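*Asks:* Have a look at this one.
Bear in mind these aren't lab numbers, they're just calculated from the coordinates by the rules spelled out. Nothing here was measured: the structure is a model prediction, and the numbers come from that model. With ideal geometry, Cβ positions are generated from the backbone for all residues, glycine too; neighbour counts draw on all protein chains shown.
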Protein chains: 2
Amino acid sequence: MNMSDGRPAGVSPVSVTVDLVILTVRAGRLQALLIQRGKIPFKGDLALPGGYVRDGEGLDAAAARELFEETTIDAAHLHLEQLRTYGDPDRDPRGRVFTVAYLALGPNLPLPVAGTDAAEARWCPVDEALESDLAFDHGRILADGVERARAKLEYTTVAAAFCPEPFTVADLRHIYEVVWGAKLDPSNFHRKVTRAQDFLVPTGDHRLPDLGRPAALYRRGPATTLTPAILR
Amino acid sequence: MNMSDGRPAGVSPVSVTVDLVILTVRAGRLQALLIQRGKIPFKGDLALPGGYVRDGEGLDAAAARELFEETTIDAAHLHLEQLRTYGDPDRDPRGRVFTVAYLALGPNLPLPVAGTDAAEARWCPVDEALESDLAFDHGRILADGVERARAKLEYTTVAAAFCPEPFTVADLRHIYEVVWGAKLDPSNFHRKVTRAQDFLVPTGDHRLPDLGRPAALYRRGPATTLTPAILR
């Protein structure tokens, strides 16, 4: 197919990639999956996992494929949404490359298997990652992804995507506290999340803590929006 | 610059466009700016305004340029945000074209001047546009833009972008009622928006209605998030 049919002068062919901001809560910290680049440009630098969208492949499918290649996790098992597209003319030294960034949020995921483009992949605390020099404009993309996650905890039920099921209200509060970097009042939080419509579904089971009362166990409910919102 | 440097087999060069969902409230209805396509593909069909991102041009700049070309409106005078990127392999019969959709919200804008790609441009009520066959996947993009606008009225101050300044609380309520397609209780609405932090700034002036009390006039405040939210 001749791609030049509709393109006027001053419009050259380009490339499109997907990049993934994959976040989880591990060891009491919000962490992002980063790879060490195995080839030029930025060889040896830390970067977000990602790659070229293939011929005949949709964007969501490309994001899911890269997710699987980097983490061996099926996209169906976590929250995956488009974040934003970045297309500054100078963002890639190879030429004009637009990248469609995705945000993936999931429970403490197994350590990733290094893929073809990843010499090494690792979880990195987000605050440290944001202070290091990531390849391309990946620092800005990571910052946007973290801010999107923080904002969505206010008015959506997405925090539960970080929790392996079943989970307690204290498990869920731990996610909010880690992602927001702030302590929350336990009884206020308990009241808000258990009254929010279709956020949490009781399993009927309880977890026995080392001390104190048994804690009710929940799984994720069908609601996507959180009403009323829980504000930072 | 040789673009093939980083591209593996199975990844061909592509094109990137921007498309604009431009919404306003006119004559008591939510309306979108549509153009009648002047060339193939989909010649003669209604479509969202948009065009190719030029060499050396950023995405936001391309969106602002297309907005100006289609409406003669400066992007600085309305709310413009990235909506989502669409890249289904079959969405454009010319070949692989990814489009970065933008959402523009503004006060009742002057009728657009037909640009080079627009044989004719017009405001079209959104409910009628969504029932007609738009070119490409523009029906889906328009539906996503309208839903984004409706959702953002709940938890952001963006409704004020539809109001020419200065405006009354009744003007603002009219926007909410038209965009949501639902009547709101006037005194409840008045209480909520005037108590929301930094949403509305009183000008000190009043508008004299044909009958009834003078109505206080406001301009847009600095807040972007609406706290507490106003729910549909």
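*Asks:* Kindly put B:Asp90, B:Asp19, B:Asp171 in sequence by how many other C-beta atoms sit within 10 Å of each C-beta, fewest to most.
*Replies:* Working: B:Asp90 9, B:Asp19 23, B:Asp171 20.
By the 10 Å Cβ count, ascending, the order reads B:Asp90, B:Asp171, B:Asp19.
*Asks:* Going by how many other beta carbons lie within 10 Å of each one, how would you line up A:Arg173, A:Arg94, fewest first? Show your work: numbers first, answer last.
*Replies:* On the way: A:Arg173 19, A:Arg94 15.
Going from least to most buried by this count: A:Arg94, A:Arg173.
*Asks:* Pull up the DSSP beta bridges for chain B and report the antiparallel fraction as a percent, rounded to 5. It would help to have the intermediate numbers written out before the result.
*Replies:* Details: 30 of 39 bridges.
Taking every DSSP beta bridge within chain B, about 75 percent pair in antiparallel fashion.
*Asks:* Taking amide H positions as placed 1.01 Å from N in the peptide plane, with prolines and chain starts having none, which residues 5 or more places from B:Asn108, or on another chain, fall under 5 Å of its amide H?
*Replies:* Sorted by chain and number, the residues that satisfy this are B:Val25.
*Asks:* May I ask for the angle, rounded to the nearest 10°, between helix B:186-195 and the longest principal axis of chain B, with both axes built from Cα atoms and the value confined to 0 to 90°?
*Replies:* 80 degrees
*Asks:* Summing +1 for each Lys or Arg and -1 for each Asp or Glu, what net charge is found among the other residues whose Cβ lies under 12 Å from the Cβ of A:Arg29? Before the final figure, lay out each step's value.
*Replies:* Details: positive: A:Arg26; negative: A:Asp127, A:Glu128, A:Glu177.
Summing Lys/Arg as +1 and Asp/Glu as -1 gives -2.
*Asks:* Moving on. Counting only Cβ atoms, what residue of chain B lies nearest to the axis that sends chain B onto chain A, and how many whole Å off?
*Replies:* B:Pro13, 2
*Asks:* Here is a follow-up. Normalise the Cα radius of gyration of chain B by 2.2 N^0.38 Å (N = residues in it) and let me know the number. Could the numbers behind the result be given before it?
*Replies:* Working: Rg = 19.9 Å, N = 232, 2.2 N^0.38 = 17.4 Å.
Ratio of Cα Rg to 2.2 N^0.38 Å: 1.14.
*Asks:* Below 8 Å between Cα atoms, with a sequence gap of 6+, how large is the relative contact order for the stretch B:61-208 in percent?
*Replies:* Working: 132 pairs, mean separation 26.4, N = 148.
Contact order relative to length: 18 percent.
*Asks:* Another question, then. Amide H of B:Asp45 versus every other amide H placed in the peptide plane: which residues, excluding those fewer than 5 positions away on the same chain, fall under 5 Å?
*Replies:* It is B:Arg37, by chain and number.
*Asks:* Pop out the ³J(HN,Hα) list for the stretch B:60-67 in order, Karplus 6.51 cos²θ - 1.76 cosθ + 1.60 with θ = phi - 60°, rounded to Hz; leave Gly and Pro as x.
*Replies:* My calculation for the stretch B:60-67 gives 4, 5, 5, 5, 5, 5, 5, 4 Hz in order.
*Asks:* Using a Cα-Cα cut-off of under 29 Å, which lysines could be cross-linked to B:Lys183, ignoring same-chain neighbours fewer than 8 residues away?
*Replies:* Partners within reach: A:Lys152, A:Lys192, B:Lys152, B:Lys192.
*Asks:* Around A:Asp137, with a cut-off of 13 angstrom between Cβ atoms, what is the net charge of the other residues, counting Lys and Arg +1 and Asp and Glu -1? Don't jump to the answer; show the numbers that get you there.
*Replies:* Details: positive: A:Arg84, A:Arg91, A:Arg140; negative: A:Asp19, A:Asp45, A:Asp88, A:Asp90, A:Asp92, A:Asp133, A:Asp144.
Spelling it out: positives minus negatives among the neighbours equals -4.
*Asks:* With 10 angstrom as the radius, rank B:Thr99, B:Thr227 by how many other C-beta atoms surround their C-beta, starting from the fewest.
*Replies:* Values: B:Thr99 26, B:Thr227 15.
Fewest-to-most ranking of B:Thr99, B:Thr227: B:Thr227, B:Thr99.
*Asks:* Sticking with this structure for a sec: Calculate the FRET efficiency for A:Asp55 and B:Leu211 from the Cβ-Cβ distance with a Förster distance of 60 Å, rounded to the nearest 0.05. Mind dumping the intermediate values first?
*Replies:* Working: r = 66 Å, r/R0 = 1.10.
Efficiency computed from Cβ-Cβ geometry: 0.35.
*Asks:* Assuming a viscosity of 1.306 mPa s and a temperature of 10 °C, what translational diffusion coefficient in µm² per second does Stokes-Einstein assign to the stretch A:156-220, Rh being the Kirkwood radius over Cα pairs? Walk me through the numbers before you get to the answer.
*Replies:* Details: Rh = 12.2 Å.
For the chosen part, D equals 130 µm²/s.
*Asks:* Which FRET efficiency value, to the nearest 0.05, is calculated for A:Asp74 and B:Arg219 with the Förster distance at 51 angstrom and r the Cβ-Cβ distance? All intermediate terms of the calculation are to be shown ahead of the outcome.
*Replies:* Working: r = 50 Å, r/R0 = 0.98.
The value I calculate is 0.50.
*Asks:* Just to check, using Stokes-Einstein with a Kirkwood Rh over alpha carbon pairs, what's the diffusion coefficient of the protein assembly as shown at 10 °C and 1.306 mPa s in µm²/s?
*Replies:* 65 µm²/s
*Asks:* With viscosity set to 0.692 mPa s and temperature to 37 °C, compute the Stokes-Einstein D of the stretch B:123-232, Rh being the Kirkwood radius across alpha carbon pairs; µm²/s, no decimals.
*Replies:* Values: Rh = 15.3 Å.
My calculation gives 215 µm²/s for D.
*Asks:* A further question follows. So how tilted is helix B:169-180 from the main axis of chain B? Cα-based, degrees 0 to 90, rounded to 10.
*Replies:* With rounding to tens, the tilt is 40 degrees.
*Asks:* HN-Hα J couplings of the stretch B:46-54 from phi, Karplus 6.51/-1.76/1.60, θ = phi - 60°, integer Hz, Gly and Pro as x?
*Replies:* 6, 8, 6, x, x, x, 5, 6, 7
*Asks:* Amide H to amide H, which residues 5 or more places from B:Ala101 or on other chains are under 5 Å from it, using H placed in the peptide plane?
*Replies:* Under 5 Å from the amide H of B:Ala101 lie the amide H atoms of B:Asp19, B:Leu83, B:Arg84, B:Thr85, B:Tyr86, each far enough along the sequence or on another chain.
*Asks:* How many nanometers, to one decimal and shortest first, lie between the label point of A:Asp205 and those of its other copies, if labels sit 7 Å from Cα toward Cβ?
*Replies:* Going from nearest to farthest copy, the values are 6.6 nm.
*Asks:* Taking θ = phi - 60°, what integer Hz values does the Karplus form 6.51 cos²θ - 1.76 cosθ + 1.60 yield along the stretch B:68-78, in sequence order, with x for Gly and Pro?
*Replies:* 5, 4, 8, 10, 6, 9, 6, 4, 5, 9, 9
*Asks:* Indicate, rounded to the nearest 5 percent, the antiparallel portion of the DSSP beta bridges found entirely in the protein assembly as shown. Write out the running numbers ahead of the final one.
*Replies:* Numbers: 61 of 79 bridges.
Rounded to the nearest five, the antiparallel share is 75 percent.
*Asks:* Counting only Cα, what are the radius of gyration and maximum Cα-Cα distance Dmax of the stretch A:28-160, in Å?
*Replies:* Final numbers for Rg and Dmax: 14.3, 41 Å.
*Asks:* Something else now. Roughly what % antiparallel, to the nearest 5, for the DSSP beta bridges in the stretch B:15-153?
*Replies:* On the way: 23 of 32 bridges.
Just about 70 percent of them are antiparallel.
*Asks:* As I understand it, the dipole of chain A uses +1 on the Cβ of Lys and Arg and -1 on the Cβ of Asp and Glu, about the Cα centre. Which of A:Ala161, A:Phe199, A:Val11 lies farthest toward its positive end?
*Replies:* It is A:Phe199, whose Cα lies furthest towards the positive end.
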